[in-house]
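As structure tokens, the structure follows; a few thoughts come after it.
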Amino acid sequence: MWQQLIQGMRFVQGDFDDDEAFEQLKTTVEELDKAQGTGGNFAFYLSVPPKFFPKVVQQLKKHGLADQRDGSWRRAVIEKPFGHDLASAKELNEVVHEVFPPHEVFRIDHYLGKETVQNILALRFANTLFEPIWNRSYVDHVQITMAEDIGIGGRAGYYDGIGAARDVIQNHLLQLLALTAMEEPASFDADALAAEKTKVLGAVKLPRDLGASTVRGQYAAGWQGGEKAVGYLQEDGIDPQSKTDTYAAVKLEIDNRRWAGVPFYLRTGKRLGRRVTEIAVVFQRAPHSPFDHTATEGSAATPSSSGCSRTRA
């Protein structure tokens, strides 16, 4: 299988503003198109720092790589974050749509491709055990966590200036929140799913006091897995005065009938104690627990603690 796969792989090196590199890329793509029989259908997956999206898209247009011919398609796949605020996202949209038609542009969150994430809807809507109690009458709170035990590695050029909140919370974790809290869609096609996600995200209330309901931080030097680890400000390529967050957490509420009054805690960080991604739906305490004063007190399995359903990705 590997031998078959590498037949269609090529590496073209160059800077994003290097015209010669894009001409070489065009030649390479055309050669592969003939050899592999792809019929002129090309998808350009832009896994690049966001500030380079406009430059790369314009280079694709300049060198004819984005031109659609003879019924073939040319698509752009763009990873998050898409801009840094609403105005920059709209500006980036205009640049991208000058080159690619709107229906050929895919702004993706690759996290949604995880099988466990896709199974959240099956867990909820195909399971009569959970669906009747998946609401404010039974749920105390929801914790959505994406913790990593590693630092930024060699991603200083991408990570610094973006940080944990923009890198993870505003895309991965909000998508998980939407899947956890949305109503059942009329069908499971893209438009119906997007409609329900949009509806529940529109009901999310930002905290009135951001200082009391959000946390930001940076990891410092210490020990990780038995080895000495440097702090964020000592990582290669990081400005010693950087204020970029490597840990971020926020408390949100959803202002609708199903979730009113139920806090949702979203948190993410690097260099934490262990690597885990999970959604913990914590149910309310039983009104009476006969186990509170027995030998089982304090056990994680006893009703003295709130019940909890976890989904890990």
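The values are calculated or read from the model by the stated rules, or taken from the named source; none is laboratory data. The shown structure was predicted, so the numbers you read here are calculated from the model rather than taken from an experiment. Cβ: placed from backbone, ideal geometry, glycine included. Neighbour counts: every protein chain shown. Side chains are part of the model used for accessible areas, which takes the heavy atoms of the whole protein and leaves out ligands, DNA and RNA. Shrake-Rupley method; radii C 1.70, N 1.55, O 1.52, S 1.80 Å.
Restricting attention to segment 144-157, the residues being surrounded by 15 or more Cβ atoms within 10 Å (Cβ to Cβ), under 15 Å from residue 245 (Cβ atoms) and not aliphatic (A, V, I, L, M) number 2. Residues being in a helix (DSSP H, G or I) and in contact with a Phe, Trp or Tyr (Cβ under 8 Å, 6 or more places away or on another chain): count how many of those fall in segment 94-119. Summing the residues that are in a helix (DSSP H, G or I) and in contact with a Phe, Trp or Tyr (Cβ under 8 Å, 6 or more places away or on another chain) in segment 94-119 gives 4.
Selection over segment 47-83 of residues that are of a type in the set (Ser, Thr, Tyr) and either at pLDDT 90 or above or farther than 20 Å from residue 14 by Cβ (or both) gives a count of 1. For residue 185, the stated conditions do not hold, so it cannot be described as open to solvent by less than 60 Å² (accessible area, probe 1.4 Å), touching a Ser or Thr at 6+ places or on another chain (Cβ under 7 Å), at pLDDT below 95 and farther than 23 Å from residue 235 by Cβ. Within segment 125-143, is even one residue open to solvent by 50 Å² or more (accessible area, probe 1.4 Å), within 17 Å of the chain's Cα centre (by Cα) and over 19 Å from residue 198 (Cα atoms)? No; the residues of segment 125-143 include none that is open to solvent by 50 Å² or more (accessible area, probe 1.4 Å), within 17 Å of the chain's Cα centre (by Cα) and over 19 Å from residue 198 (Cα atoms). Taking segment 1-66 and the helices (runs of 4 or more DSSP H) fully enclosed by it, the elements with 2 or more residues that are out of contact with any helix residue (DSSP H, G or I) (no Cβ under 6 Å at 6 or more places or on another chain), touching a residue at least 24 places away in the same chain (Cβ under 8 Å) and surrounded by 15 or more Cβ atoms within 10 Å (Cβ to Cβ) are at 19-36, 53-62. Answer with yes or no whether residue 97 is open to solvent by 50 Å² or more (accessible area, probe 1.4 Å) and not acidic (Asp, Glu). For residue 97, the condition - open to solvent by 50 Å² or more (accessible area, probe 1.4 Å) and not acidic (Asp, Glu) - is met. Is it true that some residue in segment 234-248 is more than 22 Å from residue 149 (Cα to Cα), touching a residue at least 24 places away in the same chain (Cβ under 8 Å) and within 18 Å of the chain's Cα centre (by Cα)? No. Counting residues in segment 300-309 that are on the phi > 0 side of the Ramachandran plot and either among the polar types (S, T, N, Q) or at pLDDT 85 or above (or both) gives zero. Screening residue 86 with (1) modelled with pLDDT of 90 or more; (2) open to solvent by 70 Å² or more (accessible area, probe 1.4 Å) gives one miss only, at (1).
Whenever a residue of segment 169-196 is closer than 27 Å to residue 276 by Cα and of a type in the set (Gly, Ala, Ser), its partners that are open to solvent by 30 Å² or more (accessible area, probe 1.4 Å) and part of a helix (DSSP H, G or I), lying with C-beta atoms within less than 6 angstrom and at least six residues away or across chains, give the pairs 178/197; 178/201.
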